[in-house]
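Laboratory data are not the source of any read-out in this text; all were calculated from the coordinates shown. Remember, it's a predicted structure, so these values are computed and weren't measured experimentally. Note that we place each Cβ from the backbone using ideal geometry, even for glycine, and neighbour counts take in every protein chain shown.
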Amino acid sequence: MTAPVFRAPSTAAAPSNAHGVLRHGFASFFRAPVVEDAATWHADIGFVGVPFDGATNDRPGARFGPAAIRDASTRYEPQREWTGWIDAERGSRILEGVSMADVGDVDIRTVDLLENFAIITDAARIARRNCRVPVFVGGDHAITFPIVRAFDGAPITVVQFDAHQDYTDEKHGVRYSHDNHMRRVSELSHVRQIVQVGLRGVLERFEPWEAAQRDGVVIVPSERIVREGVPAALAALPAGGPAYVTIDIDVLDPGGAPGTGYPEPGGLTYYQLKDALLAVAARYEVAGFDIAEVDPIYDAAGVTARIAAKLILDFLGGIFAK
């Protein structure tokens, strides 16, 4: 596929010939340069919006997540391009000298689920080809399956941060939704291991849980992290190597991050999730990641989108620290 996979961007977010005086164009992720030609761009990090929630079975609205997180991320605009940031809590610089680009949004079509999955996979392949670490911003969590499908060619571990297992095989005859994607991921030949971190709540269906046990899925419940701390809870993670990471924002306690379509009582704090992501970045060679299920409709104060933007920076800082 070529450039039409992405929506044509407008002019640059911060034109250099009027810096500090004029700003025009749409907001870009962290005010990164906007890609004008999807066939020729190159960067260390490429941000791709995936405004899709056609596989949601509860509260829709995650299609507006990429726009909300873009807007929130402009709060973290760096002083100058590639200068990075300072992590005030660790007293260290992050992402210094690391280039970023906002590639645009996947061109989602109305209604046709599998066609959209094919387009998402094509977009993920373009992002992989042109950057070191692509970051996909959803969208409902069903986007993970077509994205991981594009990371073929070598065995990978998939690390999932989520309140829910999302391992249902089928429900009312439906095999593709934000409740099925991890089961479909498990069926991809290049996925060697799945790790699920942050699960909680009660399950009304036994088959997905039993299937995950049978398939050797490593499960680290949310309560274990809360009670034992991140290092102890994650000590049993499989050995390193290439990994793809998927983050459902509902892994966080909805008291602090309410803007999601399927909130679950309990969950991780921001600091626990940040520490867990940094631990994963230290253990694995992260080839890419997504963050999903931010729903601005339920995010009245905009805090969930802001948290998602900050977690993206945190995780990228850990990935590129290596």
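Equivalent-ellipsoid semi-axes (√(5λ), Cα gyration tensor) for region 119-276, whole Å, largest first?
The three semi-axes for region 119-276 are 23, 19, 17 Å.
Anything in the chain that counts as a DSSP H helix reaching 15 Å or more along its axis (C-alpha) with Kyte-Doolittle mean of at least 0.0? List them, would you?
113-130, 270-283, 303-321
Over region 107-156, calculate the relative contact order: mean separation of alpha carbon pairs under 8 Å at least 6 apart, over the residue count, as a percent.
Reported relative contact order: 41 percent.
Where Lys and Arg each count +1 and Asp and Glu each count -1, what net charge lies around Val226 among other residues with Cβ under 13 Å from its Cβ?
-1
Rounded to the nearest 500 deg cm²/dmol, what is the calculated helix-only ellipticity per residue at 222 nm for the chain, with -39500 (n - 2.57) per DSSP H run of length n ≥ 4?
-8500 deg cm²/dmol
Radius of gyration and Dmax for region 36-97's Cα atoms, expressed in Å?
Spelled out, the Cα radius of gyration and Dmax of region 36-97 are 15.9, 43 Å.
Using per-residue counts of other Cβ atoms within 10 Å, averaged over each peptide, order 200-206, 113-119, 28-34 from highest down.
Ranking the peptides 200-206, 113-119, 28-34 by packing returns 28-34, 113-119, 200-206.
Can you tell me which of 139-151, 207-219, 162-174, 291-303 comes out highest on packing, and rank the rest after it, using the mean Cβ neighbours within 10 Å?
Order by mean packing, descending: 139-151, 291-303, 162-174, 207-219.
What residues from region 300-322 fall in the zone where the backbone N is under 19 Å from a label point 7 Å along the Cα-to-C-beta line of Phe26?
So the set is 305-306, 309.
Kirkwood Rh, region 57-147, all Cα pairs: how many Å?
15.3 Å
Can you tell me the Rg and the Dmax, both Å, for the Cα atoms in region 183-310?
14.9, 42
Counting only C-alpha contacts under 8 Å and six or more residues apart, can you give the relative contact order of the chain as a whole percent?
19 percent
Which one is right for this structure if P(r) over Cα pairs in 10 Å bins from 0, in percent is calculated from it: (i) 6, 27, 37, 25, 6, 0; (ii) 6, 28, 38, 22, 5, 1, 0; (iii) 5, 24, 28, 19, 14, 8, 2, 0?
Read-out taken from this structure: (ii).
Lysines within cross-link reach of Lys274: Cα-Cα under 25 Å, excluding same-chain residues under 8 positions apart?
Lys310, Lys322
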